Ligand SMILES: NC(=O)c1ccc[n+]([C@@H]2O[C@H](COP(=O)([O-])OP(=O)(O)OC[C@H]3O[C@@H](n4cnc5c(N)ncnc54)[C@H](OP(=O)(O)O)[C@@H]3O)[C@@H](O)[C@H]2O)c1
């Protein structure tokens, strides 16, 4: 199986190197293209540096890792060269299958990895258009398993799903940044030590819950004894944080819709 990556930015680069590191592919099985080809110089020993059209005509799975504003141009460029059995994979959650099918007639998937793919712990979302067969799904899932877990969702849930896995590392980092900034004002413990203490506790709490199949309230019940110190803190969070969380998702989902509307304009336009 040959895998092609179009767009060697944050996502394309990560996928290319992870696929190569997996040991499943020889150099000849990985193809890569980028608008600025010089950037691919560093990847020439792990992949065949190609054009978008060459990737479309040779790869069985074509990952299109470009920003939404560039997606239509790239899909139009590769469309004449895509073989009928090949699978085109878009990394963008806002551009719908309906939009992409105006340009690419065959099998299309959407894949949303999370940044934790870097350590093999992505929660990768996938969804497929109606032309994709079970065999293609299995092949793509097996490929994506090298970066972590694969979660199939219906297309209409990809937006909120992306907030939960792809945006969430940013939200988590922001929440704990606020916590650490506040902690700094209440202690003489050095900042780097505060951050490490919190990060390790956060990561261990997640693993603890997953390993023991615990719910959030189970952890709270274990730590926050009634009338105790932790309960003082959890009360503040339950009083104040729900409004912030609601506002956060309202805003991100509105932004997602605006991005989708913009993409729909681009896809509606005839070139
Ligand atoms: N970053 C994330 O955490 C994340 C997570 C999930 C999904 N996504 C999605 O993944 C997609 C890519 O995001 P990104 O963060 O990887 O973007 P990025 O870092 O900006 O990379 C985009 C790449 O596409 C290349 N490109 C643009 N037009 C091209 C063309 N016509 N032919 C070939 N290559 C072209 C760019 O080339 P140049 O070198 O010339 O600029 C650049 O290397 C987006 O749709 C994004 O929504 C991103």
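For this structure, a couple of remarks:
- Among 53, 260, 221: highest mean-square fluctuation, GNM of the chain, C-alpha pairs under 10 Å: 221
- Cβ crowding within 10 Å, taken as a proxy for footprinting-reagent exposure, orders 8, 128 from fewest neighbours to most as 128, 8.
- C-alpha long axis of helix 191-212 to longest principal axis of the chain, angle in °: 80 degrees
- Fewest-first ranking of 147, 82, using other Cβ atoms within 10 Å as the exposure measure: 82, 147
- Shape call, the chain: gyration tensor on alpha carbons, a/c limit 1.5: prolate
- The range 3-152, relative contact order in percent, only Cα pairs under 8 angstrom and at least six apart counted: 19 percent
- Straightening the chain between residue 84 and residue 131 buys 15.9 nm, computed as 0.36 nm per residue apart minus the Cα-Cα spacing.
- Contact order normalised by residue count of the range 100-170, Cα under 8 Å, 6+ apart, percent: 36 percent
- Model label sites at residue 199 and residue 222, defined 7 Å from Cα along the beta-carbon direction, differ in position by 2.3 nm.
- Of all the options 80, 190, 113, the one that moves most in a Gaussian network model of the chain with Cα springs shorter than 10 angstrom is 190.
- Largest GNM mean-square fluctuation among 163, 152, 181, using the chain with Cα springs under 10 Å: 181.
- Prolate/oblate/rounded label for the range 39-122 (Cα gyration tensor, a/c 1.5): oblate
- Distance-filtered residues of the range 74-94 - backbone nitrogen under 11 Å, label point 7 angstrom along residue 60 Cα→Cβ: 86-87
- Averaging the sequence gap over all C-alpha pairs within less than 8 Å and six or more residues apart, then dividing by the number of residues, gives the chain a relative contact order of 14 percent.
- With the simple model of a label 7 Å out from the Cα in the direction of the Cβ, residue 240 to residue 208 spans 2.3 nm.
- In nm, spacing of pseudo-spin labels at residue 184 and residue 39 (7 Å Cα→C-beta vector): 3.2 nm
- Tilt relative to the chain, helix 10-21 - C-alpha long axis, 0 to 90 degrees, to 10: 80 degrees
- Shape of the range 3-152 from the C-alpha gyration tensor: rounded (a/c under 1.5, with a ≥ b ≥ c the square roots of its eigenvalues).
- Cα long-axis angle, helix 134-144 against the chain (0 to 90 degrees, to the nearest 10): 60 degrees
- Residues residue 230 and residue 118, FRET efficiency given R0 of 45 Å [Cβ-Cβ distance, rounded to 0.05]: 0.85
- Förster radius 22 Å - calculated FRET efficiency between residue 171 and residue 70 (Cβ-Cβ, nearest 0.05): 0.25
- Calculated FRET value between residue 249 and residue 215, using beta carbons and R₀ = 30 Å, to 0.05: 0.90
FYI, it's all coordinate maths here, none of it is from the lab. On a predicted model such as this, the values are computed, not experimentally measured, just so you know. Using ideal geometry, Cβ is built from the backbone for each residue, glycine included, and neighbour counts are taken over all protein chains shown.
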